[in-house]
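Written below as structure tokens is the structure these notes are about.
The values are calculated or read from the model by the stated rules, or taken from the named source; none is laboratory data. Fair warning: this is a prediction, and the values are worked out from it, not measured in the lab. A quick note on method: Cβ atoms are made from the backbone with ideal geometry, for glycine too, and the neighbour counts reach across all protein chains shown. Protein only, heavy atoms only, side chains kept; ligands, DNA and RNA dropped before computing areas. Shrake-Rupley method; radii C 1.70, N 1.55, O 1.52, S 1.80 Å.
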Amino acid sequence: MNNIEKEESAELKAEIVRLIDQQGPISFAQYMEQCLYHPQHGYYTSSRTRIGKQGDFFTSSSVHSIFGRLIARQIIQIWQLMGEGPFTLVEQGAGEGYLCLDILDALADESPDLYSKLEYRIIELSPDHRSRQAQRLSSHVATGRINWCEFSELEIFSGCFLSNELVDAFPVHIVEKQNNELLEVMVNCVDGSFVEELAPLTDSRLADYFELSQCPLVEGNRAEVNLASLDWIKEISGLMKQGAVLTIDYGYPAEELIAPWRRAGTLLCYHRHQSSDNPYQHVGCQDITAHINFTLLQKIAEAQGFETLYFGEQYRFLMGLGFLEELIRLQALEADPQRAQALRMTLKNLILPEGGMGESFKVLIQGKGLGRPELLCARPIREIGLASMM
Ligand SMILES: C[S@@+](CC[C@H](N)C(=O)[O-])C[C@H]1O[C@@H](n2cnc3c(N)ncnc32)[C@H](O)[C@@H]1O
């Protein structure tokens, strides 16, 4: 076994074992919370390179600045729909700060008026991400555009709430149906190893979740339940006076997420660019994610006065915002054919369905006080003038 295969946080493992000794078996959500967010030893709270080639996974914003530039165009339209006044853009979970940088660079270029009226607020719980963000974003900090805050410090605002690959890391409960009964996956420790046990549900909202989704769990199947995401969208809905919530993440509508054929749920872990479905290895040194339920995010916000303005795959969203036109423009700037080819290969990752990020990632835009406008990202692919680009 090499060092990478063995890599885990002994301190975190000992802390979780201690918790189980004190409390008895803990819910999978508690286990995942410790693994990712333990104040000293959690995957997101300890110091580590997580994103990019030297890390555990890539995100779309780490692939190329085109991602942020196209999102900036959608934000400009939302600002225009709101009358072009002062605008707050909140980004939660900003990682290395690439998305913020690319959006602000694009706004400074394409809409200096919005740039000058913008307050960009970052909510980031990881101390090392925060400090790398501060360095990377120093030019925009200097213009007074950016500040950092806690979620609990947000006040009522008008503008946009943005996240990319945040919600999939919220701790999830795991529920399994056995003998027609919903049971919860609990984590115990036996002879120094973590083992799963089934027990009665620890929270009655877990059963409500399947009712609200209008998708009963099929006998023998298991599914993750992200209760934290439901509280999260409700809180954001309450804080937004006018504007849009733009959520990009892996996920499905409820009927696809809780489908009878999806027998083992969607839990996935990432460590050094290898994915696995084993959350009990690399404790504290791997990301743990579960696909999100976009139907419930929509239902909850709609009950709070939001309209679903857009829901679709990332490739459609980016195409609508001018991905192809931008690709062709960037290629034309590249004199060296090999570098132009490398650029094409890099950008393809953002839209490819198989092995790329184009289809597993979805984009949800929920609006409040905007009416039902036709968003730029909803431009149908058939309307993209391919012939004029050749
Ligand atoms: C998978 S990374 C995505 C980063 C970034 N959005 C990107 O596109 O590269 C998740 C980010 O969310 C942060 N994070 C996770 N849970 C969070 C929470 N509850 N509040 C704020 N930030 C959080 C992590 O520290 C990390 O910066």
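Descriptive notes on the structure:
- If only residues of the stretch 45-94 that are in a loop (DSSP other than H, G, I, E, B), within 8 Å of the ligand (Cβ to nearest atom) and at pLDDT 95 or above are counted, the one that is nearest to the chain's Cα centre (by Cα) is 93.
- Within the stretch 332-365, being open to solvent by less than 60 Å² (accessible area, probe 1.4 Å), under 24 Å from the mean Cα position of the chain (by Cα) and among the small types (Gly, Ala, Ser) holds for 356, 358, 360.
- Single residue of 163, 152, 213, 204 found to be more than 28 Å from residue 262 (Cα to Cα) and of a type in the set (Ser, Thr, Tyr): 152
- Between 121, 130, the distinction of being in a strand (DSSP E or B), within 16 Å of the ligand (Cβ to nearest atom), under 27 Å from residue 362 (Cα atoms) and open to solvent by 40 Å² or more (accessible area, probe 1.4 Å) belongs to 121 only.
- Flag if residue 199 is open to solvent by less than 60 Å² (accessible area, probe 1.4 Å), touching a helix residue (DSSP H, G or I) at 6+ places or on another chain (Cβ under 6 Å) and touching a residue at least 60 places away in the same chain (Cβ under 8 Å): no
- Criterion: of a type in the set (A, V, I, L, M) and farther than 21 Å from residue 373 by Cα - qualifying residue of 288, 300: 288
- Any hit, the stretch 259-269, residues being assigned to a strand (DSSP E or B) and of a type outside the set (Val, Ile, Thr): yes
- Subset of the stretch 64-92 [within 18 Å of residue 133 (Cβ to Cβ), touching a residue at least 60 places away in the same chain (Cβ under 8 Å) and open to solvent by 20 Å² or more (accessible area, probe 1.4 Å)]: 88, 92
- Hey, residue 20 β-branched (Val, Ile, Thr), modelled with pLDDT of 95 or more and farther than 30 Å from residue 186 by Cβ or not: no
- When each of 116, 152, 163 is tested for being among the small types (Gly, Ala, Ser) and either part of a strand (DSSP E or B) or modelled with pLDDT under 95 (or both), the lone residue that passes is 163.
- Pairs linking a residue in the stretch 266-277 that is within 18 Å of residue 44 (Cβ to Cβ) to a residue that is open to solvent by 80 Å² or more (accessible area, probe 1.4 Å) and of a type in the set (Val, Ile, Thr), with Cβ atoms under 9 Å and 6 or more positions apart or on different chains, are 271/4; 272/4.
- Only residues that are out of contact with any helix residue (DSSP H, G or I) (no Cβ under 7 Å at 6 or more places or on another chain), more than 16 Å from the ligand (Cβ to nearest atom) and open to solvent by less than 10 Å² (accessible area, probe 1.4 Å) were counted in the stretch 149-178, giving 1.
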